[in-house]
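What follows is a set of notes on a single structure, which appears directly below.
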Amino acid sequence: DQQVKQNSPSLSVQEGRISILNCDYTNSMFDYFLWYKKYPAEGPTFLISISSIKDKNEDGRFTVFLNKSAKHLSLHIVPSQPGDSAVYFCAASAKMRWGKLQFGAGTQVVVTP
Amino acid sequence: ETGVTQSPTHLIKTRGQQVTLRCSSQSGHNTVSWYQQALGQGPQFIFQYYREEENGRGNFPPRFSGLQFPNYSSELNVNALELDDSALYLCASSSRDRGLDTQYFGPGTRLTVL
């Protein structure tokens with residue numbers, strides 16, 4: 001069963017605008033959430049994370065929001081840049097299963113000039 | 001660039017054969033996790049090794065097995081290959097005391113089963 005879902009397989013956004021990527025989860029045991037970025041022929045690279053005790057975390061152009069009651073998180077990228085074009089994965093970890101991540105299917109982001 | 005390397009980069013096998021994939025871990029990391037990423041999907045957790053012991057397994061059959069060595073590098077072995085085993089195999093190196101944000105993925109091994 002898919003416990004982490006990214007329902008938008010692709011997103012196209014203009015350079016300078018905001019990119020919003022969404023992720024839903026079903027397992028209430030998840031207590032840590034991460035976003036990864038992946039370029040072709042490379043492994044996923046860590047972008048930003050959030051603990052379940054927070055509802056927002058910012059790092060430069062990237063902000064992650066967590067809505068625990070809705071089991072929903074989102075990643076905002078502002079402003080979007082051409083180098084942001086990649087596949088973005090949402091992942092979740094449960095305290096009792098440290099490091100054993102459940103990933104969503106990914107969202108392909110294309111930033112156009 | 002992370003210190004996690006994987007070999008080989010690409011591999012072509014036929015059904016029924018066996019394959020061994022290798023992963024080096026980042027210096028200072030004692031945990032290696034393996035993932036299978038099929039085309040168009042997210043990585044799926046196979047298993048994790050912590051200090052040379054298997055420490056959790058995903059929904060994969062026993063023909064998927066692994067090892068971790070004293071230097072914390074790791075191998076993934078797959079026996080009796082099936083067509084559906086064609087995927088990108090990723091390993092991730094981490095250390096519990098450094099947190100998940102410092103878990104680093106290797107570039108992957110692309111396995112094709114014909």
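Every read-out reported here was derived from the displayed coordinates using simple, explicitly stated rules and does not represent laboratory data. Computed from a predicted model, the values in this text were never measured in an experiment. Ideal geometry is used to build each Cβ from the backbone, glycine not excepted, and the neighbour counts take in all protein chains shown.
Spacing of the modelled spin labels on residue A:68 and residue B:41, each 7 Å from Cα toward Cβ, amounts to 3.1 nm. Over the protein assembly as shown, what is the percentage of antiparallel beta bridges among all DSSP beta bridges, to the nearest 5? Here the antiparallel bridges make up roughly 90 percent for the protein assembly as shown. Normalised by the number of residues in chain A, the average gap of Cα pairs under 8 Å and 6 or more apart makes the relative contact order 37 percent. Note: relative contact order over segment B:1-65, using C-alpha pairs below 8 Å and six or more positions apart, is 21 percent. Assuming charge only on the beta carbon of Lys and Arg (+1) and of Asp and Glu (-1), the dipole of segment A:44-100 about its Cα centre is about 380 debye to the nearest 20. Distance between the modelled labels on residue A:57 and residue B:15, one decimal in nanometres: 4.4 nm (7 Å Cα→Cβ projection).
Between the DSSP loop rule and a limit of at most 16 other Cβ atoms within 10 Å, which GluC sites (Glu not before Pro) in segment A:1-90 are left? Intermediate values should be presented prior to the final figure.
Values: sites: A:15, A:42, A:58; in loops: A:15, A:42.
Those that pass, being in a loop and sparsely packed, are A:15, A:42.
Counting 0.36 nm for each residue step from residue A:96 to residue A:31 and taking away their Cα separation leaves a gain of 22.4 nm. Measuring nothing but how far apart in sequence close Cα pairs (under 8 Å, 6+ apart) lie, relative to its length, chain B scores a relative contact order of 36 percent. With the simple model of a label 7 Å out from the Cα in the direction of the Cβ, residue B:98 to residue B:112 spans 3.5 nm.
Taking a point 7 Å out from the Cα of residue A:12 in the direction of its Cβ, the residues of segment A:73-93 whose backbone N falls within less than 16 Å of it are A:82, A:85-86. Taking chain B as a Gaussian network of alpha-carbon nodes connected by springs under 10 Å, the highest mean-square fluctuation of the residues B:44, B:68, B:17 belongs to B:17.
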